[in-house]
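Worksheet: the structure to be examined is printed underneath.
The values are calculated or read from the model by the stated rules, or taken from the named source; none is laboratory data. In this text the structure is predicted, and so the values were computed from the model without any measurement. Neighbour counts run over all protein chains shown; Cβ positions are idealised from the backbone, glycine included.
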Amino acid sequence: MLHSTAFDDALRNDGRVATLNARLAHSGANEVIKTAFSEIGNVALVSSFGADSVVLLRLVAQINPQTTVLFVDTEMLFEETLQYQENVAALLGLTNVRVIRATDTDQHDPDGTLHKTNPDACCSLRKTAPLQKALAQYDGWISGRKRHQSGTRSRLNMFELDGTTSRIKVNPLALWNPQDTVRFMKDTQMPRHPLVAKGYPSIGCAPCTTPVKSGEDPRAGRWRETEKEECGIHFVNGKMVRSGDMK
């Protein structure tokens, strides 16, 4: 349960979120990002440095390359992702990338097999918990989620409350479609994650990500053959999205 002050902050920000969504309903990603920086306060960008991450990273870098970028290294990522993170950060001149890792994996997943028996618990341990700890000092954070990516994101707004906290989450690319991303990548000549060319349009941890066949949903390779759609760092209607939460 939230303490009264935290509850009041959340209630107040709920109103701010509604106002911002109404005011910026027809604005572009740049305007949304600038508004986040100017009106929310201490804001970080959370990036997986995945398939399309360079789009949002470039937009933010053009506005403020000193922006804090939080990158969660689950210690189960593809080697290509780790190298891509370093290359993109250098290319865009991002000077404040913070690599976040869990500190208790030896205790809760000593043999590194938790993802096989309980992928939700593995995501919570290696990604959700360390990220939430890192986000505690921020008033808001920027995400690259888009409405077209999965059923749980189909009604995504530009601004939303981060679960039951008073933090505001910003989704500047919420209304972008796949063609917008392709056009941006072509116009800016930004490098894509190397695994995209190998059939990975959505990239997470190596054990839980597979290539996607032609005609499949782009996120079909994430937690294949399960109902799980999200890692747990995102919330819908104030609830953490886990396996089976949203049909």
So which of LEU175, LEU156 ends up being closer than 22 Å to ARG16 by Cα, crowded, with 20+ Cβ neighbours inside 10 Å and under 17 Å from the mean Cα position of the chain (by Cα)?
LEU156
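Yes/no matrix, rows are residues, columns are (1) modelled with pLDDT of 95 or more; (2) farther than 18 Å from TRP176 by Cα:
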position	(1), (2)
ALA6	no, yes
GLY15	no, yes
ALA18	no, yes
ASN30	yes, no
ALA51	no, no
VAL72	yes, yes
ASP109	yes, yes
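Can you spot a residue in region 93-101 that is modelled with pLDDT of 95 or more, under 30 Å from GLN179 (Cβ atoms) and surrounded by 16 or more Cβ atoms within 10 Å (Cβ to Cβ)? Give the steps one after another, and end with the answer.
The initial filter retains those residues of region 93-101 that are modelled with pLDDT of 95 or more, namely 93-101.
Now narrow it down to the ones that are under 30 Å from GLN179 (Cβ atoms): 93-94, 97.
Add one more test, that the residue is surrounded by 16 or more Cβ atoms within 10 Å (Cβ to Cβ), and what stays is 94, 97.
The answer is yes; a qualifying residue exists.
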Restricting to region 102-132, give me the number of residues that are touching a strand residue (DSSP E or B) at 6+ places or on another chain (Cβ under 9 Å) and free of Cβ contacts under 8 Å to residues at least 12 places away in the same chain.
0
The conditions are (1) within 22 Å of ALA36 (Cβ to Cβ); (2) modelled with pLDDT of 80 or more; (3) not hydroxyl-bearing (Ser, Thr, Tyr), and ARG155 fails exactly one of them. Which is it?
(2)
Taking region 21-66 and keeping only residues that are more than 13 Å from ASP139 (Cβ to Cβ), touching a strand residue (DSSP E or B) at 6+ places or on another chain (Cβ under 6 Å) and part of a helix (DSSP H, G or I), one is left with ASN21, VAL60
Kindly indicate whether VAL99 is touching an Asp or Glu at 6+ places or on another chain (Cβ under 7 Å) and without any contact (Cβ under 8 Å) to a residue 40 or more places away in the chain.
yes
